[in-house]
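The values are calculated or read from the model by the stated rules, or taken from the named source; none is laboratory data. From a predicted model like this one, the values you see are computed outputs, not experimental measurements. A quick note on method: Cβ atoms are made from the backbone with ideal geometry, for glycine too, and the neighbour counts reach across all protein chains shown.
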Amino acid sequence: MDAFEFACQRSGYKQIAGIDEAGRGALAGPVIAAAVILPLNCNVDGLRDSKQLTPKQRDRLADEIYSAALSVGIGSSDNQTVDRLNVLKATLLAMQRAIEKLTPRPDYLLVDGIYLPAIDIPGEAIPKGDRRSYSIAAASILAKTTRDRMMVELDRTYPNYGFAQHKGYPTSQHRQAIAQFGASDIHRQTFKLIPDD
């Protein structure tokens, strides 16, 4: 999973940031992006796409990534930003915000997906990058664990919806809660919250 990073190094780049997001497909809550610069030849055992890990594995790896990383930036776009801009633009904005928090500033970006955020740093978008780049995999874990913890906190404020269980994603439990209680002020109004019969 280090082929992209080594190719960047051979091209003379030193501060290579991996970027990924969590929460694009959720009905509620923010989109969270993480940007991570790991040292060259970084060895975090078990590092891979966050979706292939259990919550316990993600939490352990998140701690290891924070310990090993040269820099970490977390950016977000709340549900109102998602509604105002659309989810893709809100995601790219969250990524831009995460990148801007990195110190040192990266000189090359590896971004999961097919689009790059609007920022004056060279980089490449890598489809399924969280399975192909260890920097992006690290970012995917930090984005996911950060967002999951936020949704657990929001569950205390909005106890009717079960956010601690489904993290705002469109499960049948979540849709039933919306049908019963209506949308909360952290739901995305531009998303189809309850499917048509």
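You will find that of Ala164, Ala125, Ala143, Ala179, the residue that is in contact (Cβ under 8 Å) with a residue 12 or more places away in the chain and crowded, with 17+ Cβ neighbours inside 10 Å is Ala143 and no other. If I filter region 51-89 down to residues being among the β-branched types (Val, Ile, Thr) and over 20 Å from Ile119 (Cα atoms), which single residue comes out as modelled with the highest pLDDT? Filtering first and then ranking leaves Ile65. Those residues that are acidic (Asp, Glu) and over 18 Å from Ile32 (Cβ atoms), I need them from region 109-124; list them, please. Result: Asp120, Glu124.
Here the helices (runs of 4 or more DSSP H) wholly within region 111-197 that include at least 2 residues being within 16 Å of the chain's Cα centre (by Cα) and within 20 Å of Asn86 (Cα to Cα) are 134-157. For region 31-39, the condition of being out of contact with any helix residue (DSSP H, G or I) (no Cβ under 8 Å at 6 or more places or on another chain) and either without any contact (Cβ under 8 Å) to a residue 12 or more places away in the chain or within 26 Å of Leu93 (Cα to Cα) (or both) holds for none of the residues.
Report every pair of residues separated by at least 6 positions or lying on different chains whose Cβ atoms are under 8 Å apart, first residue within region 45-62 and touching a residue at least 12 places away in the same chain (Cβ under 8 Å), second surrounded by fewer than 21 Cβ atoms within 10 Å (Cβ to Cβ) and among the polar types (S, T, N, Q). Filtered contacts from region 45-62: Gly46/Gln57. Note on region 16-48: residues that are among the acidic types (Asp, Glu) and under 11 Å from the mean Cα position of the chain (by Cα) total 2. Of Leu53, Leu61, all but one fail to be of a type in the set (A, V, I, L, M, F, W, C) and more than 26 Å from Asp107 (Cα to Cα); the exception is Leu53.
Scanning region 16-59 for residues that are crowded, with 17+ Cβ neighbours inside 10 Å and not aliphatic (A, V, I, L, M) turns up Gly18, Asp20, Glu21, Gly23, Gly29, Pro30, Cys42, Arg48, Asp49, Ser50, Arg58. Does Leu70 satisfy the condition of being crowded, with 24+ Cβ neighbours inside 10 Å and either basic (Lys, Arg) or over 25 Å from Lys167 (Cα atoms) (or both)? It is false that Leu70 is crowded, with 24+ Cβ neighbours inside 10 Å and either basic (Lys, Arg) or over 25 Å from Lys167 (Cα atoms) (or both).
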